[in-house]
Amino acid sequence: MTDASRRQFLTGEAVLKVGRELGERAADRISDAVSGLGRPRAFDTLRLETRAMACTWGLCSTLERTNG
Amino acid sequence: MVASDALNSVHRVDRQLSVYRETSEVSRLNNAAAAAPQVISAELAWLLRVCWDLHQSTAGAFDPAVQSVIQLWSGCRSAGRIPDSSEVAAALACCGLDKLEFEKSADDESLLEQPGALRVSYKLAGVGLNFGAIGKGWGIDRAMDILRDAGLNDCLLHGGYSSLYACGEHAGQGGWPVDLKNPLFTDKAYLTLLLRDQALATSGSNVQFFRSGGKRYGHILDPRTGWPAEQLLSVSVLAPTAAEADALSTAFYVMGLEKSREYCHTHPSIGAILTPPPSRGRTLAPVLCNIPPDRVFIVSDDVHADSDGG
């Protein structure tokens, strides 16, 4: 609120602005959390790698899930 | 150990198919088959049959007998120039699976069981095979044969990250999550796919390209014209085998959006993500063909996907 004018402070406009920004940030966080639901993700894997055909080859298998 | 046996099998495929090894079966064939028929291994005969089917189904957009055109562009790229149309026409005259002649029909499956039974010759000097568009997928399939035979049912095998096979599932999620990189910003993902008992391969010219005369030329060549294909930004293909996914990702890149969509309509086991260059800004509009909506997740704000089938 350091850049708010005296008029904005007295009319409550500055407080409203800060409140609006906080609310928008919270809404974004909720929205991100909801949209991420159901998206599969990578857990720990055991990996073996080699080089062939001018690139890296890899074999991944799942390590037993211990949490999450 | 089964896992290392599977990975080591990739070296065997490399030694067999590489055009960069003088001693590979393919190099030997390329050097000698125009002069006289050459015996080929049962595995190479099998690969050529798979290639022939893909060549037919894509109306020539996939063609492993494209070495003459690849060599032309590779030489010109090193010299910092593009070939002229007469050079391309000359290379194209030596291009095409129809320039191979089999002494006996490659469709006769019994020949695959008889070592030395199948011999191939090239109809012209300058004809050459290059399995760069299918070799990694073929290597993945052969390695997966070993893993399946040993009963390893939940694993993911990739070759250079651009080709992979996802077997079974990962951590009880009903498949393996695989991120597709945004072709414009390759440090970010734009889609996540959940793959189970499926192969995935991606082709694009966002990484491998060169510039000449102010124009950008991609590394994927159209075997029908001899010139770089340039309609799509990126193509990812899902298929029952990694060889099919690998070959079709290159073929679809060459065929363009509409022909690739038509292919998927008539081949329900093939899925595709066809991403054209953005019409404005950086918003991508990939077209998803035959991919069930519960297997794909948009993970970027810069994506508006359109869906066919699935």
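Summary table below
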quantity	calculated
Top-ranked residue in segment B:115-137 [being of a type in the set (A, V, I, L, M, F, W, C) and surrounded by 21 or more Cβ atoms within 10 Å (Cβ to Cβ); ranked as farthest from the other protein chains (Cβ to nearest Cβ)]	B:Leu118
Members of segment B:227-258 found to be among the charged types (D, E, K, R), in a helix (DSSP H, G or I) and either in contact (Cβ under 8 Å) with a residue 24 or more places away in the chain or within 22 Å of B:Val66 (Cβ to Cβ) (or both), listed by number	B:Glu244, B:Asp246
Unmet requirement for B:Ile298, which otherwise passes all of (1) of a type outside the set (Ser, Thr, Tyr); (2) at pLDDT 95 or above; (3) under 24 Å from A:Gly38 (Cβ atoms)	(2)
Residue in segment B:3-13 that is farthest from B:Gly159 (Cα to Cα), counting only those that are surrounded by 15 or more Cβ atoms within 10 Å (Cβ to Cβ) and in contact (Cβ under 8 Å) with a residue 60 or more places away in the chain	B:Ala3
Extreme residue, farthest from the other protein chains (Cβ to nearest Cβ), among residues of segment A:47-68 that are under 22 Å from B:Asp197 (Cβ atoms) and at pLDDT 90 or above	A:Arg47
Listing of strands (runs of 3 or more DSSP E) fully contained in segment B:140-186 that carry 2 or more residues being modelled with pLDDT of 95 or more and facing chain A (nearest Cβ under 7 Å)	B:155-159
Strands (runs of 3 or more DSSP E) (entirely within segment B:259-310) containing at least 2 residues that are out of contact with any helix residue (DSSP H, G or I) (no Cβ under 7 Å at 6 or more places or on another chain) and surrounded by 15 or more Cβ atoms within 10 Å (Cβ to Cβ)	B:271-275, B:296-298
Failed criterion for B:Gln173 (all others in (1) within 24 Å of A:Ser61 (Cβ to Cβ); (2) touching a His at 6+ places or on another chain (Cβ under 9 Å) hold)	(2)
Considering residues of segment B:187-201 that are buried (at least 22 other Cβ atoms within 10 Å of the Cβ) and more than 11 Å from chain A (Cβ to nearest Cβ) only, the residue modelled with the lowest pLDDT	B:Tyr190
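Here's the yes/no breakdown for (1) at pLDDT 95 or above; (2) in contact with a helix residue (DSSP H, G or I) (Cβ under 7 Å, 6 or more places away or on another chain); (3) within 15 Å of B:Leu47 (Cα to Cα):
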residue	(1), (2), (3)
B:Leu72	yes, yes, no
B:Cys76	no, no, no
B:Glu87	yes, yes, no
B:Lys104	no, yes, no
B:Glu109	no, no, yes
B:Tyr122	yes, yes, no
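The values are calculated or read from the model by the stated rules, or taken from the named source; none is laboratory data. The structure presented is a predicted model; accordingly, all values stated were derived computationally and were not measured. Reconstructed Cβ throughout: ideal geometry from the backbone, glycine too, with neighbour counts over all protein chains shown.
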